[in-house]
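A short write-up of the structure that comes next.
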Amino acid sequence: MSPDPVTIHGMSTSGNCHKVRLLLEQRGRPYTWIEVDSAHGGTRTPEYLAKNPNGKVPMLERVDGSVLVESNAILSWLAEGSTYLPADAWQRAQALSWLFFEQYSHEPYIAVARFIRGWTPLDSPRRADLPRLHERGMQALAVMEKHLVQATWFTGPAYGVADIALFAYTHCAGEGGFDLAAFPHITDWLARVRAQPGFVPMPGVSDEVAVRLASS
């Protein structure tokens with residue numbers, strides 16, 4: 001019996017949202033996508049906050065109205081019982097450690113730098129944070145590069161949730177001002193992820209954001 005469809009409230013150009021779409025596509029699970037413009041207050045409406053008081057995307061909603069938030073928690077739930085989430089307890093813990101790394105040591109620097117460069121005005125005071133974000137983001141990329149010297153994937157012996165989570169913002173790190181040329185193993189890993197069955201690319205940013213990125 002096929003699983004019940006789910007509804008995803010997300011912003012297509014968000015890495016955190018795209019990771020959910022990617023796994024859904026790769027698992028072939030039915031879903032409905034509701035586009036939410038979180039950059040312009042879409043997550044701050046009374047209707048949205050009634051479902052997710054934290055006011056962020058993505059949000060998964062089941063047919064019974066129950067919701068699940070936090071992108072990597074959604075990934076873990078969607079991957080349950082599949083090869084995307086290791087069954088072995090030790091390997092699963094290793095995969096989870098990379099999910100925590102992504103949200104604590106990677107996303108706060110690489111994703112935030114991308115957001116500041118593309119979604120804030122060119123004279124925004126937040127741009128003063130970019131040097132620090134670049135320093136910390138490069139440190140995170142170096143940790144990934146070191147791992148990939150001796151491993152093919154982050155989830156374990158096969159592709160899975162940790163690779164999806166880390167791919168989300170690593171593949172567009174250039175938009176945050178990070179040069180991936182210094183990380184050849186990451187570049188090769190990105191190509192392996194793109195070659196996986198069911199892979200779908202993240203949609204391109206709007207013209208307005210693209211102009212800002214080009215000017216940053």
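The values are calculated or read from the model by the stated rules, or taken from the named source; none is laboratory data. As the structure is a prediction and not an experimental result, all values here were calculated from the model. Positions of Cβ are generated from backbone atoms using ideal geometry, with glycine treated the same way; all protein chains shown enter the neighbour counts. In case anyone asks, the SASA skips ligands and DNA or RNA and just uses the protein heavy atoms, side chains included. Shrake-Rupley method; radii C 1.70, N 1.55, O 1.52, S 1.80 Å.
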### Task
List every residue pair whose Cβ atoms lie under 7 Å apart, where the two residues are 6 or more positions apart in sequence or sit on different chains, the first residue falls within the range 64-93 and is under 17 Å from R21 (Cβ atoms) and among the acidic types (D, E), and the second residue, located anywhere, is assigned to a helix (DSSP H, G or I) and open to solvent by 70 Å² or more (accessible area, probe 1.4 Å).
none
### Task
Specify the residue that is farthest from R21 (Cα to Cα); the eligible residues are those in the range 145-158 that are part of a loop (DSSP other than H, G, I, E, B) and open to solvent by 20 Å² or more (accessible area, probe 1.4 Å).
A151
### Query
From the list P58, P3, P46, which one is touching a residue at least 12 places away in the same chain (Cβ under 8 Å) and over 16 Å from P203 (Cα atoms)?
P3
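With the condition kept exactly as written, say whether any residue in the range 91-100 is open to solvent by 40 Å² or more (accessible area, probe 1.4 Å), closer than 19 Å to T13 by Cβ and at pLDDT 95 or above.
There is no residue in the range 91-100 that is open to solvent by 40 Å² or more (accessible area, probe 1.4 Å), closer than 19 Å to T13 by Cβ and at pLDDT 95 or above.
For every residue, the table says whether it meets (1) among the charged types (D, E, K, R); (2) within 15 Å of the chain's Cα centre (by Cα); (3) farther than 23 Å from H9 by Cα.
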position	(1), (2), (3)
K56	yes, yes, no
E70	yes, yes, no
A73	no, yes, no
L78	no, yes, no
T83	no, no, yes
E107	yes, yes, no
I110	no, yes, no
D129	yes, no, yes
L133	no, no, yes
## Note on the structure
Among the residues of the range 123-137, the number that are open to solvent by 70 Å² or more (accessible area, probe 1.4 Å) and in a helix (DSSP H, G or I) is 7
### Message
Let me spell it out: the conditions are (1) touching a Ser or Thr at 6+ places or on another chain (Cβ under 6 Å); (2) surrounded by 20 or more Cβ atoms within 10 Å (Cβ to Cβ), and L85 meets all of them except one. Which number is the exception?
### Response
(1)
### Task
State which residue is nearest to M11 (Cα to Cα) when the search covers only the range 42-54 and only residues that are charged (D, E, K, R) and surrounded by fewer than 13 Cβ atoms within 10 Å (Cβ to Cβ).
R44
### Query
Out of the range 14-41, which residues are open to solvent by 20 Å² or more (accessible area, probe 1.4 Å) and more than 23 Å from E80 (Cα to Cα)?
I34, E35, D37, S38, A39, H40, G41
